[in-house]
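J.: There's a structure below that I have some questions on.
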Ligand SMILES: NC(=O)c1ccc[n+]([C@@H]2O[C@H](COP(=O)([O-])OP(=O)(O)OC[C@H]3O[C@@H](n4cnc5c(N)ncnc54)[C@H](OP(=O)(O)O)[C@@H]3O)[C@@H](O)[C@H]2O)c1
């Protein structure tokens, strides 16, 4: 796959799945713009960076000019607690970073995405979680926020199909990234997490990024409105 004339924005490309995605897209020749609060450790040729906090409503987002062939929105959260302990503020924080930040970024970028849509196609990728399709205890806040993300994806996929902009989401289960560090902090926790998955391990951010790269590329030009589980079988198997 050659992405030489393509430009992608990866929001949250400094670490985790987003950092792997930046690596893969730039490795295929794409120009990649990375927005996050901290600078990525590895900056390849063809990667530019701007400091952005998607939860800061006062700050203006950097200008995006010309055509944008794809946007991946990676910021997320894991706040797990029993329902009585999940304060309303936890629900607000999860909605802010998972849903409203994405809305803000996409409204900002829609002109540049439309320009690419009119010239062959554009693709948007958001992240959900396995905990939307499968009810898991202590996930009420994040499942509610990501459920909203899935609704956003399907609605925008319908609205922008005539403009040749595709919208999809990936719904991972537990994946070995900084976000999940607290859940994978020692061998006991890691083994217990692996045991919960039919494939008996947790996810590797590189495999999630490989599907993300495919969905953002023209090779996935017939895929829109989908939520794809990358979850070791968790959402479909007993
Ligand atoms: N890892 C898992 O087990 C798992 C499971 C289910 C779903 N997911 C979802 O998959 C997506 C990617 O997860 P991940 O594990 O790769 O997460 P991660 O390791 O926390 O990486 C998230 C990226 O988003 C950036 N980010 C976070 N908050 C931001 C903000 N307010 N403004 C700008 N950038 C921000 C982070 O960079 P800075 O800190 O530099 O800003 C980082 O680059 C998330 O949406 C997550 O909810 C992950």
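J.: Output needed for region 23-64: three equivalent-ellipsoid semi-axes, defined as square roots of 5 times the C-alpha gyration tensor eigenvalues, in descending order, whole Å.
T.: 22, 11, 7
J.: Among 64, 134, 105, which comes first, then next, by fewest other beta-carbon atoms within 10 Å?
T.: By the 10 Å Cβ count, ascending, the order reads 134, 64, 105.
J.: Ok, one more. Give the order of 95, 174, 216 when sorted by the count of other beta carbons within 10 angstrom, beginning with the fewest.
T.: 95, 174, 216
J.: For residue 100 and residue 87 in the same chain, what is the full-extension length gain: residue separation times 0.36 nm, less their Cα-Cα distance, in nm?
T.: 2.8 nm
J.: Just the C-alpha atoms of the chain: what Rg/Rh do they give, with Rh taken as the Kirkwood radius?
T.: That ratio is 0.95, to two decimals.
J.: Same structure, new question: Report the Cα centroid-to-centroid distance between region 89-157 and region 170-191 in angstrom, as an integer.
T.: Value for the Cα centre distance between the two parts: 22 Å.
J.: Just to confirm the number: angle between the C-alpha axis of helix 16-27 and the first principal axis of the chain, 0 to 90 degrees, nearest 10?
T.: The angle comes out near 30 degrees.
J.: To continue, here is another question. On a 0 to 90° scale, report how tilted helix 101-117 is relative to the longest principal axis of the chain, with both axes built from alpha carbons and the result rounded to the nearest 10.
T.: The angle comes out near 40 degrees.
J.: Mind checking the full-extension length gain between residue 199 and residue 78? Use 0.36 nm per residue of separation minus the Cα-Cα distance, one decimal, nm.
T.: 41.3 nm
J.: For residue 44 and residue 119 in one chain, what is 0.36 nm times their gap in residues minus the Cα-Cα distance, to one decimal in nm?
T.: Stretched fully, the residue 44-residue 119 segment lengthens by 24.3 nm.
J.: How large is the direction-averaged shadow of the alpha-carbon convex hull of region 1-103, in nm²?
T.: The orientation-averaged projected area of the Cα hull of region 1-103 comes to 7.5 nm².
J.: Taking neighbour Cβ counts within 10 Å as the exposure measure, how do 111, 146 sort from fewest upward?
T.: 111, 146
J.: How much mean residue ellipticity at 222 nm does the chain get from its helices, if each DSSP H run of length 4 or more adds -39500 (n - 2.57) and you divide by all residues, to the nearest 500 deg cm²/dmol?
T.: -11000 deg cm²/dmol
J.: Can you tell me the 0 to 90 degree angle between the C-alpha axis of helix 205-216 and the longest principal axis of the chain, rounded to 10?
T.: 40
J.: Say we join alpha carbon atoms closer than 10 Å with springs in a Gaussian network model of the chain; which of 20, 58, 92 then has the biggest fluctuation?
T.: Maximum fluctuation in the GNM of the chain, among the listed residues, is at 58.
Every number here is computed from the coordinates shown, using simple stated rules; none is lab data. Keep in mind that this is a model prediction, so the values were computed, not measured. FYI the Cβ positions are ideal-geometry reconstructions off the backbone, even for glycines, and counts take in every protein chain you see.
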